[in-house]
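Below is one structure, written out as structure tokens; the observations come after it.
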Amino acid sequence: MEQICVDVDCPEKNEDQCTHQNKTDLGSAEEKLITSNEHSWKPWKHARSRIRECMLYVKKAMVSLGGMEWYCYALLGILTALMSFFMDMTVAKLLNAYKWLYGGLKGHHLLQFLCWVLYPTCVCALSTSFSHSICPSSAGSGVPEVRSILLGMDMPDYLSLSNLFAKLVGLICTLASGSTVFLGKVGPFIHLSTMVGAFMNRLHVSCRGGKQRVAKGEMLVVAAAVGVASCFGAPVSGVLFSIEVLGTHYSVRNYCPCFFAAACGAITFRLLSVCSKDQETIHALFKTSYPAEVPYHPFEVFIFALLGLICGVISCFYLFCHRWALRFVKKNKPISRLLATEKALYSAIVAFLLACFTFYHSAGRFIAAELTMKQLLTSLLDSTSWYTISLNATGLPEPQNTFWQAWNPPGGSYFQTLGFFILMKVGLLVVACTLPLPAGYFMPVFVYGAAVGRFVGEGTAYLFSDGITANSLINPGGYALAGAAAYSGAVTHTLSPALLALEMTGQCTHAVPALVATLVSYAVARAKHRPSFYDGISLIKKLPHLPSLIRACPKLAQVQIKQFVIPAGAVLEKAERLTSVQQILNTSIETEFPVVNSHESLTLLGTVIKTQLQDFLHEHRNEDFSKQLEDVCSIRPVRLQLTPETSVKQAHCIMCVTGEQRLFVTESGRLCGVITWKEMKKIIEEMAKEV
């Protein structure tokens, strides 16, 4: 009580004492808080320490076996294979439900027609609306855009997670439409795998504390190879296909990571098939059993070459129609206006028309429309000659009996069905390629080529019904295999489909015929600088992909860089005073400076790094600044120098291979200027607009 009175009588003293008391209480509270934090109760302290020690031990062991990037490669392959498997499983369940509903309405033609037509119409409209509402960049194949990204072009929307989700769901809906729309998943899956690769690259950087040991482009190249390998369980052809289609300038250091990740993806994809009891053991996706003793007669090699010639000619016609259709859709005002405002409605209309045409009781029975894509390819690769089956078609086992009834409908023959399939599927596929939804075009082309090969094989088997010799009967399935490789190789301008066909079927006996047919079709398709399927899309979309532009307009390969050279900026001479160097450092934002003999001669001697100059000036800031540049800094020689006569194609190739962002242009040793990667991208974009 007395203390209180004193405090009231002496306010200044009371305030000081209160302040001191508050500080003391605050200090004691902080000490208690620190003490309580140090001795806070945490459960299972011993177990947590053991787990932490185990985790550190596992991390050390993993790092000792290989760098963190290799685990990212393996995880990339596993994740992509999981996506591919669960996508196939979901699509298979949807198609089975659709087939069950259609079969349950047997005898009711009107209800069957409504079921056949409305289902693909709805799923295509859903695919279009969903993908465009989430990310408009998710439509199409995605391969042309990935090719541009791998060449250094900035297209961030195409690698976003929203695009990944939209393309994944949209592609499932597209594949669920079945053979009515006749589209595949290879191209979009390469794009999906690339988006997963971009995410894995960010994960790798974060695991290393922000230090990027692996270039982003390298991870994307590996991801592209994994995309093909995870679709078919074919790692070798997956890597080669990604090199041919995507890698214009391929670095050898990517070779081993690509095969490692592709092998992880292919093994995971096949193991998942075994675990789900779809297969009894690990084997090829479309397992065949061709006779190994005499797989083909030597004379048949010439027939396989003729098959390649036929596939090459048909591919040229198909690619021409494809480019014409894309231009027509883009330039036709009503259609372009509909695509700009109501993409889902356009997809629904096109899918409705395709479904009406492929309905079994209209024209569908003449193109085996009731078979799925997998069933079509399986039936075409069958080694049994349909001519032999036609002589005695009773008692056929399943599913061979179903396939035979589909290809040999009542009132027709298998020759008529195959011929009508070959004629009509070209137009139907061209129309389907205009749909603005996530879709692939490699598998439909592969199946179409198998049909062409089967037609030639069945014709050969009919002509040589007793075999060319007594011990060598004609195997139409081998012709289907070679036709699939030849036609898909001609359309994409690649040779790897020959190996892909062998890996998909596990049939090595027909390696030579498949390669011969593919080489012939490849030569025909590439004659006169014809663009490939993906080149055509790049040209229509005006994507900045220089190889496609040069293939469409060969004169661009002769364009020289002298008209695009820009000034080199700040230039130092070897006798430059440090005071002048200090002024240049304060005003310039460049990281590297060219050093010349003198400002009059401009003879390029080398370069000096900005950080090196800054470090030297900082260390000797109190010394005499009358020294010259050549006395204090080491001048690095320039490894690569261009001339004004260097073509844009050559400069672009050098930049892609070396990763240089700026190259010096000299003429007889005299510095003329520089060409930068930023300027190179502008040049290619301008070329794309003009072509």
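At-a-glance table
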quantity	calculated
For residue 282: the one exception among (1) touching a Lys or Arg at 6+ places or on another chain (Cβ under 9 Å); (2) surrounded by 14 or more Cβ atoms within 10 Å (Cβ to Cβ); (3) more than 22 Å from residue 431 (Cβ to Cβ)	(2)
Counted residues, region 534-551 - those being closer than 19 Å to residue 188 by Cα and not in a helix (DSSP H, G or I)	2
Among the candidates 418, 435, 429, 423, residue that is touching a Ser or Thr at 6+ places or on another chain (Cβ under 9 Å) and of a type outside the set (D, E, K, R)	435
Candidate set from region 474-495 (those that are outside any helix (DSSP H, G or I) and closer than 17 Å to residue 309 by Cβ); member that is least open to solvent (accessible area, probe 1.4 Å)	493
Criterion violated by residue 551 - all others in (1) buried (at least 16 other Cβ atoms within 10 Å of the Cβ); (2) closer than 23 Å to residue 449 by Cβ; (3) at pLDDT 85 or above; (4) within 26 Å of the chain's Cα centre (by Cα) satisfied	(3)
Which numbered condition residue 558 fails, given (1) of a type in the set (S, T, N, Q); (2) in contact with a Leu (Cβ under 8 Å, 6 or more places away or on another chain); (3) open to solvent by 20 Å² or more (accessible area, probe 1.4 Å)	(2)
Hits in region 575-617 - residues which are exposed (fewer than 14 other Cβ atoms within 10 Å of the Cβ), of a type in the set (S, T, N, Q), under 21 Å from residue 637 (Cβ atoms) and out of contact with any helix residue (DSSP H, G or I) (no Cβ under 8 Å at 6 or more places or on another chain)	598, 601, 611
Residue 520 vs. criteria at pLDDT 85 or above, open to solvent by 40 Å² or more (accessible area, probe 1.4 Å) and either within 26 Å of residue 145 (Cα to Cα) or in a helix (DSSP H, G or I) (or both)	yes
Inter-residue pairs, beta-carbon under 7 Å, first in a helix (DSSP H, G or I) and in region 53-77, second modelled with pLDDT under 85 and charged (D, E, K, R), 6+ apart	68/208; 69/213
Scan of region 298-315 for residues that are surrounded by fewer than 19 Cβ atoms within 10 Å (Cβ to Cβ), assigned to a helix (DSSP H, G or I) and in contact (Cβ under 8 Å) with a residue 60 or more places away in the chain, ordered by number	301, 305, 306, 309, 313
Failed item in (1) at pLDDT below 90; (2) more than 11 Å from the chain's Cα centre (by Cα); (3) open to solvent by less than 10 Å² (accessible area, probe 1.4 Å); (4) not charged (D, E, K, R), with residue 227 passing the rest	(2)
Condition check for residue 379: part of a helix (DSSP H, G or I) and closer than 20 Å to residue 481 by Cβ	yes
Selection status of residue 339, open to solvent by 60 Å² or more (accessible area, probe 1.4 Å) and either in a helix (DSSP H, G or I) or not aromatic (Phe, Trp, Tyr) (or both)	no
Selected residue (only one of 470, 498, 461 is buried (at least 24 other Cβ atoms within 10 Å of the Cβ), modelled with pLDDT under 95 and either charged (D, E, K, R) or at negative phi (or both))	498
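Residues are listed down the side, and each one gets a yes or a no for (1) farther than 24 Å from residue 434 by Cβ; (2) crowded, with 23+ Cβ neighbours inside 10 Å:
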| position | (1), (2) |
| --- | --- |
| 132 | no, no |
| 145 | no, yes |
| 154 | yes, no |
| 158 | no, no |
| 167 | no, yes |
| 175 | no, yes |
| 192 | no, yes |
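The values are calculated or read from the model by the stated rules, or taken from the named source; none is laboratory data. What you see is a predicted model; the values in this text were computed from it and never measured. In this analysis, Cβ positions are derived from the backbone assuming ideal geometry, glycine residues included, and neighbour counts consider all displayed protein chains. These area figures cover heavy atoms from the full protein model, side chains too; ligands, DNA and RNA do not enter into them. Shrake-Rupley method; radii C 1.70, N 1.55, O 1.52, S 1.80 Å.
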